[in-house]
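The values are calculated or read from the model by the stated rules, or taken from the named source; none is laboratory data. Please read all numbers here as calculations on a predicted model, not as lab measurements. Glycine also receives a Cβ, built like all others from the backbone with ideal geometry; neighbour counts cover every protein chain displayed.
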Amino acid sequence: MTTFTAIHSRTFVRSAVSLFVAIAAITNLASAQNAKPGSAVAPTADAPTASPVYVSMTTSKGVIYLELNAAKAPISTENFVNYTKEGFYNGTIFHRVIKTFMIQGGGFTADMKQKATKAPISNEWQNGLPNSRGAISMARTNEPNSATSQFFINTVDNKMLDQPRGGAAYAVFGKVIKGMDVVDAIAAVPTGPSSGMGDVPKTVVTIEKMEVIAGPPAMDAPAAPAAPAPTTPAAPTGTKTP
């Protein structure tokens, strides 16, 4: 509550103008004086949390569905979505594949020509999202803030990629929510050197189409549990039992 200093006058107010000014001042302060000690202040509404963004990635090995974390990685998510909506990824390949590490794509065409990209983005590696199996992250050079269009999907838990080296770690911005079997199929493709790079799939794995979709895909029903094996083998038909 605002405290106002009471002004005591030893003389009577003789000026009508002064009286008018005093009344006007009191009127202007009325709303402040109405606040009672200890009265609660209306809480400020929390900022809205960005909703996840869902993307389908159709590859020559099958479809991978991604959930992008727009709340924790807004810059990387927006960047990836913009490239997706522009059709940039359509026709690009997974150009670097290491089975027990990750699969990387989003920058080269089938003839190993690198596509022109937009300006690099800021690295969001401190968002708390780990490079665990199935996580999608921004690929970059040794310069922390050099990521453009290329990304990678972790095939195992890569905790070392969460540790800063050269000033930053690798920024995760989403995860695979369906199609991890497709990721594993891509990771299993034989690789070798090509166009001055190592670990290039010998059989081209193409991203045929990438699309932003309205929501998460329908998930497969869990497999029915296998029937327990009998404790004693059933006797063949026609034979005698002890």
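For segment 81-94, which residues satisfy the criterion of being of a type outside the set (Ser, Thr, Tyr) and farther than 18 Å from PRO217 by Cβ? Break it down stepwise before answering.
Restricting attention to segment 81-94, the residues satisfying the condition of being of a type outside the set (Ser, Thr, Tyr) are 81-82, 85-88, 90-91, 93-94.
Those that are of a type outside the set (Ser, Thr, Tyr) and farther than 18 Å from PRO217 by Cβ: ASN82, LYS85, GLU86, GLY87, PHE88, ASN90, GLY91, ILE93, PHE94.
Which condition does GLY128 not pass, out of (1) of a type in the set (Gly, Ala, Ser); (2) assigned to a strand (DSSP E or B); (3) within 19 Å of the chain's Cα centre (by Cα), if it passes all the others?
(2)
Search segment 71-94 for residues that are at positive phi and pair each with any residue that is among the small types (Gly, Ala, Ser) when their beta-carbon atoms are under 9 Å apart and the residues are at least 6 apart or on different chains.
What qualifies is GLY91/ALA110.
Collect the residues in segment 95-124 that are in contact (Cβ under 8 Å) with a residue 40 or more places away in the chain, in a loop (DSSP other than H, G, I, E, B) and surrounded by fewer than 16 Cβ atoms within 10 Å (Cβ to Cβ), keeping them in residue-number order.
Within segment 95-124, the first condition is being in contact (Cβ under 8 Å) with a residue 40 or more places away in the chain, and the residues that meet it are 95-107, 110, 112, 121-124.
Of the ones still in play, those that are also in a loop (DSSP other than H, G, I, E, B) are 99-101, 110, 112, 121-124.
THR100, ALA110, MET112, SER122 - these are the residues of segment 95-124 that are in contact (Cβ under 8 Å) with a residue 40 or more places away in the chain, in a loop (DSSP other than H, G, I, E, B) and surrounded by fewer than 16 Cβ atoms within 10 Å (Cβ to Cβ).
Restrict the check to segment 59-71 and report whether at least one residue is polar (S, T, N, Q), under 21 Å from the mean Cα position of the chain (by Cα) and at pLDDT below 95.
Taking segment 59-71 and keeping what is polar (S, T, N, Q), we get 59-60, 69.
Narrowing the set further to residues that are under 21 Å from the mean Cα position of the chain (by Cα) leaves 59, 69.
Checking which are at pLDDT below 95 leaves us with none.
Checked against the condition, which is being polar (S, T, N, Q), under 21 Å from the mean Cα position of the chain (by Cα) and at pLDDT below 95, segment 59-71 yields no hits at all.
Being in a helix (DSSP H, G or I) and buried (at least 16 other Cβ atoms within 10 Å of the Cβ) is the filter here, so list the residues in segment 159-173 that pass it. Break it down stepwise before answering.
Quick first cut of segment 159-173, residues in a helix (DSSP H, G or I) only: 159-162.
Answer for segment 159-173, where residues must be in a helix (DSSP H, G or I) and buried (at least 16 other Cβ atoms within 10 Å of the Cβ): LEU161, ASP162.
Among the residues of segment 174-202, write down those that are in a loop (DSSP other than H, G, I, E, B) and more than 18 Å from GLN114 (Cα to Cα). Steps first, please.
So in segment 174-202, the residues in a loop (DSSP other than H, G, I, E, B) come out as 179, 188-190, 195-196, 202.
Result: GLY179, ALA188, VAL189, PRO190.
Has segment 151-163 got any residue that is in contact with a strand residue (DSSP E or B) (Cβ under 8 Å, 6 or more places away or on another chain) and touching a residue at least 60 places away in the same chain (Cβ under 8 Å)?
There is at least one residue in segment 151-163 that is in contact with a strand residue (DSSP E or B) (Cβ under 8 Å, 6 or more places away or on another chain) and touching a residue at least 60 places away in the same chain (Cβ under 8 Å).
What residue, of VAL156, VAL189, VAL176, is of a type in the set (A, V, I, L, M, F, W, C) and crowded, with 18+ Cβ neighbours inside 10 Å?
Working: VAL156 fails: crowded, with 18+ Cβ neighbours inside 10 Å; VAL189 fails: crowded, with 18+ Cβ neighbours inside 10 Å.
Answer to the check: VAL176.
Select from segment 204-224 the residues that are touching a residue at least 12 places away in the same chain (Cβ under 8 Å) and part of a loop (DSSP other than H, G, I, E, B) and write down the one among them that is farthest from ALA188 (Cα to Cα). Don't jump to the end; show me each part of the working.
Filtering segment 204-224 down to residues touching a residue at least 12 places away in the same chain (Cβ under 8 Å) leaves 204-217, 219-220.
Now drop any that are not part of a loop (DSSP other than H, G, I, E, B), which leaves 204-205, 214-217, 219-220.
Numbers: VAL204: 12, VAL205: 11, ALA214: 31, GLY215: 29, PRO216: 26, PRO217: 25, MET219: 24, ASP220: 23 Å.
Per the criteria, the residue is ALA214.
From the list GLU67, GLU78, which residue is of a type in the set (Asp, Glu) and assigned to a strand (DSSP E or B)?
Details: GLU78 fails: assigned to a strand (DSSP E or B).
From the options GLU67, GLU78, the qualifying one is GLU67.
Does ALA185 qualify as being farther than 18 Å from ASN90 by Cα and at pLDDT below 95?
Details: farther than 18 Å from ASN90 by Cα: yes; at pLDDT below 95: no.
The answer is no for ALA185.
Which of the numbered conditions does ALA50 fail, given that it passes all the others? Conditions: (1) at pLDDT 95 or above; (2) in contact with a Pro (Cβ under 8 Å, 6 or more places away or on another chain).
Tallying (1) at pLDDT 95 or above; (2) in contact with a Pro (Cβ under 8 Å, 6 or more places away or on another chain), ALA50 fails exactly one: (1).
Keeping to segment 125-144, report how many residues are among the β-branched types (Val, Ile, Thr) and surrounded by fewer than 23 Cβ atoms within 10 Å (Cβ to Cβ).
Residues of segment 125-144 among the β-branched types (Val, Ile, Thr): 136, 141.
Right, trim to surrounded by fewer than 23 Cβ atoms within 10 Å (Cβ to Cβ) and you get 141.
The total comes to 1.
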